[in-house]
1. Tell me, which residue of the stretch A:120-132 that is open to solvent by 40 Å² or more (accessible area, probe 1.4 Å) and at pLDDT below 95 is nearest to A:GLN58 (Cα to Cα)?
2. Here are some residues: A:VAL83, A:VAL63, A:VAL117. Which one is facing chain B (nearest Cβ under 10 Å), hydrophobic (A, V, I, L, M, F, W, C), buried (at least 18 other Cβ atoms within 10 Å of the Cβ) and assigned to a strand (DSSP E or B)?
3. Could you list, in sequence order, all residues of the stretch A:40-49 that are in contact (Cβ under 8 Å) with a residue 40 or more places away in the chain and either outside any strand (DSSP E or B) or closer than 20 Å to B:TYR76 by Cβ (or both)?
4. Taking the condition assigned to a helix (DSSP H, G or I) and over 30 Å from A:GLU107 (Cα atoms), does B:GLN30 pass?
5. Only one residue in B:PRO109, B:PRO87 is more than 24 Å from A:ILE67 (Cβ to Cβ) and either touching a residue at least 12 places away in the same chain (Cβ under 8 Å) or of a type in the set (D, E, K, R) (or both), so which one is that?
6. Scanning the stretch A:66-80 for residues that are among the aliphatic types (A, V, I, L, M) and either more than 17 Å from B:HIS28 (Cβ to Cβ) or away from chain B (no Cβ under 12 Å) (or both), which turns out most open to solvent (accessible area, probe 1.4 Å)?
7. So which residues in the stretch B:40-60 are within 16 Å of B:SER26 (Cβ to Cβ) and surrounded by fewer than 18 Cβ atoms within 10 Å (Cβ to Cβ), if there are any at all?
8. Counting only residues that are in contact (Cβ under 8 Å) with a residue 40 or more places away in the chain and open to solvent by less than 20 Å² (accessible area, probe 1.4 Å), how many does the stretch B:18-39 have?
Protein chains: 2
Amino acid sequence: METLPDETLDLFEKPAKATIASFLPSGHPQVTPVWADYDGTHLLVATNKGTRKHENVQHDPRVTVTIIDPDDYYRYVEVRGEVEKMPEEGALEFTDQQAQRYWGVDEYPYDRELPRVLLHISPERVVSKSLGSPERNHS
Amino acid sequence: METLPDETLDLFEKPAKATIASFLPSGHPQVTPVWADYDGTHLLVATNKGTRKHENVQHDPRVTVTIIDPDDYYRYVEVRGEVEKMPEEGALEFTDQQAQRYWGVDEYPYDRELPRVLLHISPERVVSKSLGSPERNHS
């Protein structure tokens, strides 16, 4: 298990959308947008039970979560890891917190009646890069 | 081969960064930011020869390119496909065009001496979604 470097942590505070890559039954990666957070040990990503990505990780727990800095498109963090557990507990609360953070609403407004799971992802390999766009380099 | 729906094409004009997922030798997806364009048939992505992702697609041509709308983080296009060819021809010109479009500079300023390849990706499956954030739904 790896720890995320401090210099990547602001990416979880910014209004950046993450993507999660998981394996379709065909073996091809599915890559879709998600909200991601980091609790110091695991990456956290919520999804509805029974979605394609939920099915995917039940068959193959390997995932890759990538966040690009919206303020600097040459800066990103890529976390390769595995889904360690995915309880229903905490999933809706997590989603509400993210909706509060990014949308300024009290509650996530969709599918509240559907069972939801919270993926706990153990980082196995973390890649973070910052090349900087030319404007930044010259400022 | 699939054609991208018209309603996704603006994502290639906006200042959005795409990601490309390819297979590491371990089989885990590597997901990194790239510039992507669409010529009506292929997705186009340039990379330096010998990079990890160039090695990856030589061993397994399956890739997934995903673009999230920077103006609406619940709207995205995901293109699953295969790298059909990757000539050196046109790769630097493509990169310069993207640098002009997104950075407003005449030439891409990095690694101009390195050999570069232009991945031509045939779309096999296109997923595009737009749920809309609550602000948009209520506006």
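1. Taking the stretch A:120-132 first, the residues open to solvent by 40 Å² or more (accessible area, probe 1.4 Å) are A:124-125, A:128-131.
Now narrow it down to the ones that are at pLDDT below 95: A:128-131.
Values: A:SER128: 27, A:LYS129: 30, A:SER130: 33, A:LEU131: 36 Å.
Across the stretch A:120-132, the extreme among qualifying residues is A:SER128.
2. Working: A:VAL83 fails: facing chain B (nearest Cβ under 10 Å); A:VAL117 fails: facing chain B (nearest Cβ under 10 Å).
After applying the criteria, what remains is A:VAL63.
3. First, pick out the residues of the stretch A:40-49 that are in contact (Cβ under 8 Å) with a residue 40 or more places away in the chain: A:41-49.
Hits for the stretch A:40-49 are A:THR41, A:HIS42, A:LEU43, A:VAL45, A:ALA46, A:THR47, A:ASN48, A:LYS49.
4. Details: assigned to a helix (DSSP H, G or I): no; over 30 Å from A:GLU107 (Cα atoms): yes.
No, not satisfied.
5. Numbers: B:PRO109 fails: either touching a residue at least 12 places away in the same chain (Cβ under 8 Å) or of a type in the set (D, E, K, R) (or both).
Checking each option against the conditions leaves just B:PRO87.
6. Pass one, the stretch A:66-80, residues among the aliphatic types (A, V, I, L, M): A:67-68, A:77, A:79.
Subset that is either more than 17 Å from B:HIS28 (Cβ to Cβ) or away from chain B (no Cβ under 12 Å) (or both): A:67-68.
Working: A:ILE67: 5, A:ILE68: 27 Å².
Filtering first and then ranking leaves A:ILE68.
7. So the first thing to find is which residues in the stretch B:40-60 are within 16 Å of B:SER26 (Cβ to Cβ), and the list is B:52-53, B:55-60.
Residues satisfying the conditions are B:ARG52, B:GLU55, B:GLN58, B:HIS59, B:ASP60.
8. Residues of the stretch B:18-39 that are in contact (Cβ under 8 Å) with a residue 40 or more places away in the chain, as a first pass: B:18-22, B:35, B:37.
Retained after the next criterion (residues that are open to solvent by less than 20 Å² (accessible area, probe 1.4 Å)): B:18-22.
The total comes to 5.
The values are calculated or read from the model by the stated rules, or taken from the named source; none is laboratory data. Small disclaimer: the values here were computed from a predicted structure and weren't measured. We place every Cβ from the backbone using ideal geometry, glycine too, and count neighbours over all the protein chains shown. Keep in mind that these areas ignore ligands, DNA and RNA; they rest on the heavy atoms of the full protein, side chains included. Shrake-Rupley method; radii C 1.70, N 1.55, O 1.52, S 1.80 Å.
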